[in-house]
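The values are calculated or read from the model by the stated rules, or taken from the named source; none is laboratory data. All values derive from a computational prediction rather than experimental measurement. Glycine gets a Cβ as well: all are built from the backbone with ideal geometry, and neighbour counts include every protein chain shown. For the accessible areas, the whole protein counts, side chains as well, though only heavy atoms, and no ligand, DNA or RNA atoms are used. Shrake-Rupley method; radii C 1.70, N 1.55, O 1.52, S 1.80 Å.
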Amino acid sequence: MLDVRRLRLLRELKIRGTLAEVAAALNFSPSSVSQQLALLEKEAGVELLRKTGRKVQLTPQAEVLVAHTAELLQTLERAETDLAASLTTVTGTVRVAVFQSAALALMPDALSAMHAGYPEVRIEMVQREPETALYETWARDFDLVVAEQYPGHAAPHHPELDRTRLTTDAIRLAAPPKESSRRPVSSVDDARNLPWVMEPRGAASRHWAEQACRTAGFEPDVRYETADLQAQIRLIESGNAVAFMPDLVWTGRSTSCELLELPGQPRRTVFTSVRHASAHRPAILAFRRVLEQTAEQVAGT
């Protein structure tokens, strides 16, 4: 009988690429991971790993086991979900990955509501970029992800994840207040020669922002890069930059920025994703409902 825990290590190696990354993800030592995989080879009776330089490569037989392991883990996760659903109380831990503006606008009230309504549920939150978070949720690092999708920029799809829309928000041009502006800004075209602040390359928001500027007929002068939206806002409010900002970032705060409508009134979509096998776990269902209620309240204000 093959050991499921060792099979999971083999699948983790397929996903993460190196023994060191598997060890870091699962809080093992690399030598312990290597020993467990060696035992799995003995159990299977076939070669599973081949050394290629400093790395190891999965054999075709290992790939067969990885495919079956994915099915086994889904079955076990469905069993855990059904077991939790059979209880009369909602308990357990939900590991959540969330991007920054959602963490600022939605999570504080959602966490308070969960504590009040479901005191036996523990919510653990980590801030992640949506593309990374979706992959890590598929890889079982998280139970739920709050992600975003910009117009014309599809977020990655993973076959084991569902997708439920949470809310949408308008994207606007945020310009400095008139008294600190280098020149008046009333449209995107007015900002063609101004310094821009954007997220680092690779972020969906960066790709969308650059394309929006190019559609307007210019290449933006991206003088400042930061993933911290609060830092972006301070650069705009102080008269040093302009940027595209989704409305969710203004939740619970006022701003001196000039917020200008964009052609076509583009909107960003915010959604949640979980693995199909755990979608009906009571703690996840409860937190999704709370997030939906929080998003409705934010949209209403």
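Couple of notes before you dig in:
- In segment 117-160, residue most open to solvent (accessible area, probe 1.4 Å) [restricted to those that are farther than 16 Å from G202 by Cα and in contact with a Lys or Arg (Cβ under 6 Å, 6 or more places away or on another chain)]: E124
- Looking across segment 250-301 at every residue that is modelled with pLDDT of 95 or more and β-branched (V, I, T), the one that is surrounded by the fewest Cβ atoms within 10 Å (Cβ to Cβ) is identified as T269.
- Residue match in segment 226-243 (condition: of a type in the set (V, I, T), modelled with pLDDT under 95 and either surrounded by fewer than 18 Cβ atoms within 10 Å (Cβ to Cβ) or under 18 Å from the mean Cα position of the chain (by Cα) (or both)): no
- Strands (runs of 3 or more DSSP E) fully within segment 73-188 counting 2 or more residues that are without any contact (Cβ under 8 Å) to a residue 12 or more places away in the chain and under 18 Å from F244 (Cα atoms): none
- At least 2 residues being farther than 30 Å from D143 by Cβ is the threshold, and among the strands (runs of 3 or more DSSP E) wholly inside segment 236-290 those reaching it are 243-246, 258-260.
- Any helices (runs of 4 or more DSSP H) falling wholly within segment 1-69 and containing at least 2 residues that are more than 30 Å from the chain's Cα centre (by Cα) and farther than 23 Å from P159 by Cα: 30-44
- Scanning segment 24-57 for residues that are open to solvent by less than 60 Å² (accessible area, probe 1.4 Å) and hydroxyl-bearing (S, T, Y) yields S29, S32, S34.
- Only one entry in A23, A70, A62, A38 is over 27 Å from R281 (Cα atoms) and either in the same structural domain as F287 (by the TED database) or in contact (Cβ under 8 Å) with a residue 40 or more places away in the chain (or both), namely A62.
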